[in-house]
Amino acid sequence: MLPPAILLMGPTASGKTALTLELAKRFPVEVVSVDSALVYRDMDIGTAKPTPAERAACPHHLIDVISPEEAYSAARFREDAVRLMREISGRGRIPVLAGGTMLYFKALREGLSNLPAADAGLRAEIEEDAARRGWPALHADLARLDPEAAARLKPGDSQRIQRALEIVRLTGQPLAEAYASRDGEGELPCRLVALGLLPSDRAALHQRIGARFEAMLAEGLVAEVEGLRQKYRLNASLPAMRCVGYRQVWEMLEGELPPAELRDRGVFATRQLAKRQMTWLRGFSGIHFLDCLDPSLVDRAATWCAREIASP
């Protein structure tokens, strides 16, 4: 019988961190972050990173693992999460994988396509070609090689066009065929039990989002991004700077966004992120949902966790 691992899934501002810390008071848990932004060092304010005191309350993993100059993939997350679940369970504790990066949850639960790893040389060739001819021209190339993939992408979506061309050129197959072969779940060291947080009142979640973004600005989000730009070699296309909040501050610092519009643009982008997260979440199967606005959320979640942990 495999030991349990709890997946705590929810949109931004749904209270995942607070709930995780409350569960840590009742169960011997260690937290594995499922967040594509928390992996970056020195990105604390705009990611709503758990504070040092919160992280000291129970062990946290996959926070501050790479530089903002680097990229972190779903494949790497799955590898790290499997290793951590095995280590945490081996210590007689319960892994709680908490976050809002739904692609990572999907990769963990369903496995990954057997796609080739990124090829630095080929990517450099594609980027050089794009610099000469423009991304719309490369989109046209993709349309000849893989019409189905090209139809799903905008001519200016450089990141996805690059990856699609890379896969086609490395495998000789369209993306649909390359994605057809998937790794199974057999290697997972734990049985996954999933708890999803959704709001009964979306307007209330929007209020939380607005208040949180305003708090980030008050805490120094703009200064944080300015410091990152001084410390690291960054550009607007890096995954770290495409994170919600950071992208809007970057645009403001580049003169592309009036400072007076920063708050509204940041809140709007965060609301859109929450909407996408909830769409992903509703599409998953086998999830027990709780209302993140319920005053009795902690007790309800603890009751559910106790039952699932004890189940054979």
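Worth pointing out:
- Within the range 283-301, the set of residues being aromatic (Phe, Trp, Tyr) and touching a Gly at 6+ places or on another chain (Cβ under 7 Å) comprises Phe289 only.
Quick grid of which residues meet (1) in contact with a strand residue (DSSP E or B) (Cβ under 7 Å, 6 or more places away or on another chain); (2) within 29 Å of Ala117 (Cα to Cα):
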{"site": "Ile167", "(1), (2)": "no, yes"}
{"site": "Leu170", "(1), (2)": "no, yes"}
{"site": "Val193", "(1), (2)": "yes, no"}
{"site": "Leu197", "(1), (2)": "yes, no"}
{"site": "Leu205", "(1), (2)": "no, no"}
{"site": "Glu224", "(1), (2)": "no, no"}
{"site": "Gln248", "(1), (2)": "no, no"}
{"site": "Arg271", "(1), (2)": "no, no"}
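- Qualifying residue in the range 170-188 (condition: modelled with pLDDT of 95 or more and surrounded by 12 or more Cβ atoms within 10 Å (Cβ to Cβ)): no
- Consider the range 207-221 and keep the residues that are among the aliphatic types (A, V, I, L, M) and loosely packed, with under 14 Cβ neighbours inside 10 Å. The one that is farthest from Val267 (Cα to Cα) is Ala218.
- Candidates Asp64, Asp80 - the one that is within 15 Å of the chain's Cα centre (by Cα), surrounded by fewer than 21 Cβ atoms within 10 Å (Cβ to Cβ), modelled with pLDDT of 95 or more and under 27 Å from Ala306 (Cα atoms): Asp80
- Residue list for the range 1-37, filter: farther than 27 Å from Arg242 by Cβ, free of Cβ contacts under 8 Å to residues at least 60 places away in the same chain and within 21 Å of the chain's Cα centre (by Cα): Leu21
- Qualifying residue in the range 36-45 (condition: assigned by TED's automatic domain parsing to the domain that holds Arg242 and within 19 Å of Ser158 (Cβ to Cβ)): yes
Quick grid of which residues meet (1) farther than 21 Å from Ser237 by Cβ; (2) in the same structural domain as Arg212 (by TED's automatic domain parsing); (3) β-branched (Val, Ile, Thr):
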site	(1), (2), (3)
Thr51	yes, yes, yes
Cys58	yes, yes, no
Ile66	no, yes, yes
Tyr72	no, yes, no
Arg78	yes, yes, no
Arg86	yes, yes, no
Ile94	yes, yes, yes
Leu97	yes, yes, no
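- Of the helices (runs of 4 or more DSSP H) lying entirely inside the range 246-312, those containing at least 3 residues that are closer than 17 Å to Met216 by Cα span 246-253, 262-283.
- If you filter the range 107-159 down to residues that are touching a helix residue (DSSP H, G or I) at 6+ places or on another chain (Cβ under 8 Å), among the acidic types (Asp, Glu) and part of a helix (DSSP H, G or I), you find that the one that is nearest to Glu187 (Cα to Cα) is Glu148.
- For Asn235: the one exception among (1) closer than 30 Å to Ile94 by Cα; (2) not in a strand (DSSP E or B): (1)
The values are calculated or read from the model by the stated rules, or taken from the named source; none is laboratory data. Please read all numbers here as calculations on a predicted model, not as lab measurements. No Cβ is skipped: glycine too gets one built from the backbone with ideal geometry, and neighbour counts run over all protein chains shown.
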